[in-house]
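The values are calculated or read from the model by the stated rules, or taken from the named source; none is laboratory data. All of these numbers come straight from a predicted model, not from anything done at the bench. Cβ: placed from backbone, ideal geometry, glycine included. Neighbour counts: every protein chain shown.
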Amino acid sequence: MIKKVRWIASLSNGQTLYEERGNFKTIDGELSPWLRLLSYATENNLSITSIALTFDERTRYNLPSLGKSPKFHAFAQAAKPIAFNFFRKMGGDVIEGAIDQETADHFAVIEAQYESGQIIQLWVDDTNGNAWTLMV
Amino acid sequence: MATFTFTLQGSSDTVIGATDRLQFAGAGGFDSKVTVGAYNDSTHVKSSGNADDSSGNTPRNNKFVASGTGDWGDGTESLTAILDAECALKINFSDAASVAITDAIFYAYDGSTTTAVPTGVTFQAAEQGDSAWTNAEGSAAALTLTDQGAATSHDYFIAVSASPESVGLKSAFALRVELTYS
C-alpha cells in the first residue's frame, strides 16, 4: 500500500520539509523519513515550528502552529504549542478479520503539545483521507 | 509499505491469511470442542473453506493453567519459561524503512466494538517473558507489548489461550493488535 498521507514540517530556520521529497524519501532499510527529520533537526539545533499532513498531495490538514503571520486574529490569539510530533498508527484483527495492509486500519497522526500538558492529535485515515481530532 | 503477518507457530509455521481463522480446539485436535470452563488443548488455522491449514505443521498450543503458569506441551511450567518458539502466535510488523514501535497492545474483543469483551469466552494472553497472564478482554484491558527500537522487521511472540463460558460456537470473538510506529 502506498502511503497516501504524508507529513510536512516547517523548521525554526524557515525550511519546510516534505515526506517523500528530497532527503526525506523512504529508503529501504534506512531510518524512516520522520526519524531522519528528527536527526536532522537535532544535528542542526533546529526545532519544528509547524506540522501538517497531506492526503494524495491535495488536501492539507494543519495543527495550530508557531507561525508568526496568521491570517485571522483568532489564530494570533490562540495558545501556541511547545512541541510537535508525528507517528503512524496501525491496527488489525487476527480472527475473522482481514489482516493484510489493504484492509488493516492505518492512520497518520500529528500532534501539538502544550505547556499545560494537553495534546491535540489529528488523525488522518490513509485509505480515504477522513480526519479526526483528539485532545489527550 | 507497512504489513502485519500473523503466524501460528509450529514445526513449520502457518501464516494466518486474511480470510482464515485461528481456532482454539480441544484435545481431539482440529474442530474438536473445548469443555465449558476448560482451556484449549490444541490450536489450529482454519481456512474460509473449513480446511485445517495447519495440518502437518504440528502447531503450538498454549494452555492457561493459573495466573503465572501454563502448559505448552511439557506439563505445567512457569510462564517465564516459555520460549519465543513455544508461543503459539507470532505477529510480525514490517516496513520498508527502519521504524521504531511504541504503545503496541493486543487484546480480544467482540469483533465489532473494540472496548467490548468477547461474548462467551475468557481470553488470556502473555508476551514471551511475562510472568503472568493478562485477561486481555476489551481494549482497556489489553496486553501491553514491549517497545522495539528502529528496525525494518519486528516480531512479537504471544502465548494465547481461551476458554468457553457456555456451549456453542463463539463468533463474537476477535483478536486485535494496535501499534504506533514512526
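Looking across region B:5-50, the residues that are of a type outside the set (D, E, K, R), under 14 Å from the mean Cα position of the chain (by Cα), within 13 Å of chain A (Cβ to nearest Cβ) and within 30 Å of B:T152 (Cβ to Cβ) come down to B:T5, B:F6, B:T7, B:L8, B:T14, B:V15, B:I16, B:L22, B:T43, B:V45. Applying the criterion of being touching a strand residue (DSSP E or B) at 6+ places or on another chain (Cβ under 7 Å) and loosely packed, with under 14 Cβ neighbours inside 10 Å to the residues of region B:74-101, the residue that is nearest to B:A150 (Cα to Cα) is B:D84. The condition (being among the small types (G, A, S), closer than 30 Å to B:A2 by Cβ and either part of a loop (DSSP other than H, G, I, E, B) or at pLDDT 95 or above (or both)) is satisfied by just one residue among B:A125, B:A132: B:A125. Number of residues in region A:42-59 that are surrounded by fewer than 19 Cβ atoms within 10 Å (Cβ to Cβ) and either within 14 Å of chain B (Cβ to nearest Cβ) or β-branched (V, I, T) (or both) equals 2. Number of residues in region B:40-69 that are within 26 Å of B:S171 (Cβ to Cβ) and touching a residue at least 60 places away in the same chain (Cβ under 8 Å) equals 5. The requirement of being assigned to a loop (DSSP other than H, G, I, E, B), surrounded by fewer than 20 Cβ atoms within 10 Å (Cβ to Cβ) and either aliphatic (A, V, I, L, M) or facing chain B (nearest Cβ under 9 Å) (or both) is not satisfied by A:L134.
Picking from residues in region A:1-19 that are in a loop (DSSP other than H, G, I, E, B) and more than 13 Å from the chain's Cα centre (by Cα), the one that is nearest to the other protein chains (Cβ to nearest Cβ) is A:M1. Quick one: what pairs do we get from region A:20-32, first residue within 11 Å of another protein chain (Cβ to nearest Cβ), second among the aromatic types (F, W, Y) and outside any loop (DSSP other than H, G, I, E, B), C-beta under 7 Å, 6+ apart or different chains? Close Cβ pairs satisfying both conditions: A:F24/A:Y18.
Can we say B:E137 is under 14 Å from the mean Cα position of the chain (by Cα), among the acidic types (D, E) and either within 27 Å of B:S12 (Cβ to Cβ) or buried (at least 18 other Cβ atoms within 10 Å of the Cβ) (or both)? Yes: the conditions hold for B:E137.
When you scan region B:68-87, do you find a residue that is within 14 Å of another protein chain (Cβ to nearest Cβ) and within 21 Å of B:E137 (Cα to Cα), even just one? Yes - at least one qualifying residue is present in region B:68-87.
For region B:135-182, filtering for residues that are under 25 Å from B:V65 (Cα atoms), among the hydrophobic types (A, V, I, L, M, F, W, C), within 11 Å of chain A (Cβ to nearest Cβ) and in a strand (DSSP E or B) leaves 6.
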